[in-house]
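Read-outs: derived from the displayed coordinates by stated rules, not from any lab. Computed from a predicted model, the values in this text were never measured in an experiment. In this analysis, Cβ positions are derived from the backbone assuming ideal geometry, glycine residues included, and neighbour counts consider all displayed protein chains.
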Amino acid sequence: MMMMTISSAALHLNVQWKTLHGILLNFLLEKYGNISYEGVARIAIDEIHYPNYHDHITIVMDLDTKRHIFVNFSENGTGLSDFFKLLGDRCRLITLASVNMTPDYLSAVRNTLPNAIIVIDSFHVLKLANDMLDNLRKLEYVRSNRSKKLYLIKRKFLLLKNPQQSDHEKNEHKRLDDVVNHFPLLKEAYNFKLELSKIWDQISRSSAASSLDKLINLSRNSKKA
C-alpha cells in the first residue's frame, strides 16, 4: 500500500488540500467519532506541545486494547478536563493512569480518578535523569583543565544515549568509556541512570522492588558533586 501525505495526495488528485482534508476528517469522524468507553480501566495520558498548530494536544490510550480513545486539540490546555467530562461516572472505574510529571496533570488525575493507581511514565523520569546528567557534564567541563575538557567535547549524546544503541562503527563504546573513566562523578551519575532505567524492564513487582533497592543503595553510597 502506498503511503503519502495529504499534501501529496491532494496534488496527485488535483484537488485543494482543504477539500481532501475535509473528506478525510468526515470519514474519520463517521468511523471513529463514537468511541465507547465500556470496559476502559487502565489508561495512559500524555500531552504534546505543538505551538505551530495548537498549544496542546492531549492523547489518551486504553492500555489494555492499545486503542487511542481520546485526542483533543486546544489552545488553553483543557483537553484532560474535556476527557473526564466524557467519561462521567466511569471516572471511578479507572484503576490505573499512566501520566507525566506535570503538577497540574497529577492533581487533576488524583482529584478526578479517585480509584486509580498513578504511574509516572518512564520517559519523563528518565528525561529528568538525563537532564541532571548533562548538567553534571557541563559542571565538569567548567572546572576541568584543558586536557580533560577534550574528553567532554561532543560527548553529550554519548552519555544520554541508550548503550544498546551505541554505534560500534563509530567506536562510541570506547569514546563513552574515555569520558566516564576520566570523570568519577560522571561515571556514578551515568551508572545511576542505567540502574534507574532497569526498573521499567522488570517483569514482576518483587524484581522491580529489588531493582529500586539497588538504586537507593547506589544513591546513598554516591559522592556529591
First check a/c for region 123-220, with a ≥ b ≥ c the square roots of the eigenvalues of its C-alpha gyration tensor; if it is under 1.5, answer rounded, and if not, answer prolate when a/b is larger than b/c or oblate otherwise. prolate
Full extension from Ser81 to Ser206: what is 0.36 nm times the residue separation minus their Cα-Cα distance, to one decimal in nm? 41.5 nm
For region 148-156, in order, what is each residue's ³J(HN,Hα) by Karplus, 6.51 cos²θ - 1.76 cosθ + 1.60 with θ = phi - 60°, in whole Hz (x at glycine and Pro)? 6, 4, 4, 6, 9, 5, 6, 10, 3
Rank Ile45, Ile118, Ile153 by mean-square fluctuation in a GNM of the chain with C-alpha springs under 10 angstrom and give only the top-ranked residue. Ile153
Determine the dipole magnitude for region 37-120: charges of +1 sit on the beta-carbon of Lys and Arg, -1 on that of Asp and Glu, nothing else is charged, the reference point is the Cα centre, and the result goes in debye to the nearest 20. 300 debye
Anisotropy class of the chain from Cα gyration tensor, a/c 1.5 cut: oblate
What is the dipole size for the chain, taken about its Cα centre, with +1 at each Lys and Arg Cβ and -1 at each Asp and Glu Cβ, in debye to the nearest 20? 1200 debye
At a 10 Å Cβ-Cβ cut-off, how would you order Leu160, Leu128, fewest neighbours first? Leu128, Leu160
Would you work out which of Val40, Ala208, Leu113 lies farthest towards the positive end of the dipole of the chain? Charges go on Cβ: Lys and Arg +1, Asp and Glu -1. Ala208
Using alpha-carbon coordinates, inclination of helix 17-32 to the longest axis of the chain, degrees: 80 degrees
What is the local net charge at Asn162, summed over the other residues whose Cβ is closer than 14 Å to its Cβ (Lys, Arg +1; Asp, Glu -1)? 0
Note down the relative contact order for region 40-187 as a percent, whole number, built from C-alpha pairs under 8 angstrom at least six residues apart. 15 percent
Principal-axis tilt of helix 103-112 within the chain, Cα atoms, nearest 10 degrees: 50 degrees
Report the antiparallel proportion of the DSSP beta bridges in the chain as a percent, rounded to a multiple of 5. 65 percent
Inter-label distance, nm, simple model (7 Å from Cα along the C-beta direction), Met132/Val119: 2.3 nm
By how many degrees, between 0 and 90 and to the nearest 10, does the Cα long axis of helix 205-220 differ from the longest principal axis of the chain? 40 degrees
Percent RCO, i.e. relative contact order, over region 123-220, from Cα pairs under 8 Å lying at least 6 residues apart: 25 percent
